[in-house]
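Written below as structure tokens is the structure these notes are about.
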Amino acid sequence: MIGALESTREILAEPPREGDPERLRALLAAQLGVEPSRLFLTHGAHEGNALVMLHLRRRAGARRAAASPTVWLPRAEYDQLRLGAAWTGFSEKGRSVAYDLRACSNPSNPLGVALPRKELEGPGGPRTTLLVDETFREFSDRPSLARECRPRLWVTGTFTKAYGADGIRVGWVVTPPEEAAAFAAAHGLLLDRPAGASVGWAISLLGQRERVLSEARGIFRSNEKVLRERFPDLPELSAPVAFDRFPRSVDTRRLAE
């Protein structure tokens, strides 16, 4: 949505007031349905995902020095999650075995669909941690998983995509209740605060949230209508990305060449 939203252009054209990070945390927490003490500002979902993985990797290493912690991701998944998990020291495992971390985007990038509940739980076992990147969530009215306040559930989000506000560089992490204090130490040590101007613009965007998201969702659904005329068998989409699966009879190597 970069450059596509008239509402966002108008909001960001106004000089921002110096934003109060604690006010932004409170506003975001209220919108997500979580306690402000569990929400931490970042410069985007990428940064949030990376810091969560670093934090989880460090805590796993403190518990056991030998084996690397394990992660399972869907086959079609956002590369930043897969590569970020590998870079921070997780070993990728198959779905049929127990693993320590399950990471995914919801709605899925690149599939564009909201994941069913069973896909968000999986066979990892009772000690499995779940990291959900909700970057595309606000293209629908689906509530954030963060409000469930589940143990070992981490959620990230951002003002990119549905708000079309990539340039302000503001995102967030919502921790499980039991991890808020420990994560606060890592967050304070490793991250700088978003700039005051960025915080101010983010507060302004939240103040006109319904207007901005109505415009973004309208563009998404209009484009989806055209897409579905060409590809009528697509599943129900919750995000403006789609993944066309060719029939097995198509020679995809020949197509690629």
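The values are calculated or read from the model by the stated rules, or taken from the named source; none is laboratory data. Here the structure is a predicted model, which means the values were calculated and not measured. Heads up, the Cβs are rebuilt from the backbone with ideal geometry, glycines too, and the neighbour counts pull from every protein chain shown. The accessibility values were calculated without ligands, DNA or RNA, using every heavy atom of the protein model including side chains. Shrake-Rupley method; radii C 1.70, N 1.55, O 1.52, S 1.80 Å.
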Quiz item: Is there any pair linking a residue in the stretch 39-63 that is within 16 Å of L189 (Cα to Cα) and small (G, A, S) to one that is assigned to a helix (DSSP H, G or I) and at pLDDT 95 or above, with Cβ under 7 Å and at least six apart or on different chains, and which?
Solution: A50/G84
Practice problem: Find the residue count for the stretch 139-161, including only residues that are outside any strand (DSSP E or B) and either touching a Ser or Thr at 6+ places or on another chain (Cβ under 8 Å) or aromatic (F, W, Y) (or both). | Solution: 7
Quiz item: Across the stretch 121-134, which residue is nearest to the chain's Cα centre (by Cα) among those that are at pLDDT 90 or above and not in a loop (DSSP other than H, G, I, E, B)?
Solution: D133
Exercise. Grab the strands (runs of 3 or more DSSP E) fully contained in the stretch 1-120, keeping just those with 3 or more residues being within 28 Å of P194 (Cβ to Cβ).
Key: 39-42, 101-105
Quiz item: Scanning the stretch 91-106 for residues that are among the hydrophobic types (A, V, I, L, M, F, W, C) and open to solvent by 20 Å² or more (accessible area, probe 1.4 Å), which turns out farthest from R57 (Cα to Cα)?
Solution: V97
Self-check item: Scan of the stretch 60-78 for residues that are farther than 18 Å from V97 by Cα and at pLDDT 90 or above, ordered by number
Solution: A76, E77, Y78
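Within the stretch 81-90, can you find the residues that are open to solvent by less than 40 Å² (accessible area, probe 1.4 Å) and closer than 15 Å to V132 by Cα? Steps first, answer last, please.
Going through the stretch 81-90, the residues open to solvent by less than 40 Å² (accessible area, probe 1.4 Å) turn out to be 81, 84-85, 88-90.
Those that are open to solvent by less than 40 Å² (accessible area, probe 1.4 Å) and closer than 15 Å to V132 by Cα: L81, G84, A85.
Suppose the filter is modelled with pLDDT of 95 or more and either closer than 16 Å to T158 by Cα or surrounded by 10 or more Cβ atoms within 10 Å (Cβ to Cβ) (or both); does R245 pass it?
no
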Exercise. Starting from the stretch 7-33, keep only residues that are surrounded by 14 or more Cβ atoms within 10 Å (Cβ to Cβ), then list their pairs with residues that are among the aromatic types (F, W, Y) and in a helix (DSSP H, G or I) whose Cβ atoms are within a distance under 8 Å, requiring at least 6 positions of separation or different chains.
Key: T8/Y163; I11/W201; L12/W201; P16/W201; G19/W201
Exercise. Hey, can you tell me all the residues within the stretch 195-228 that are open to solvent by 20 Å² or more (accessible area, probe 1.4 Å) and of a type in the set (S, T, N, Q)?
Key: S204, Q208, S214, S222, N223
Practice problem: Could you pull out every one of the helices (runs of 4 or more DSSP H) wholly within the stretch 162-257 that has 2 or more residues that are free of Cβ contacts under 8 Å to residues at least 40 places away in the same chain? | Solution: 180-190, 209-230, 252-256
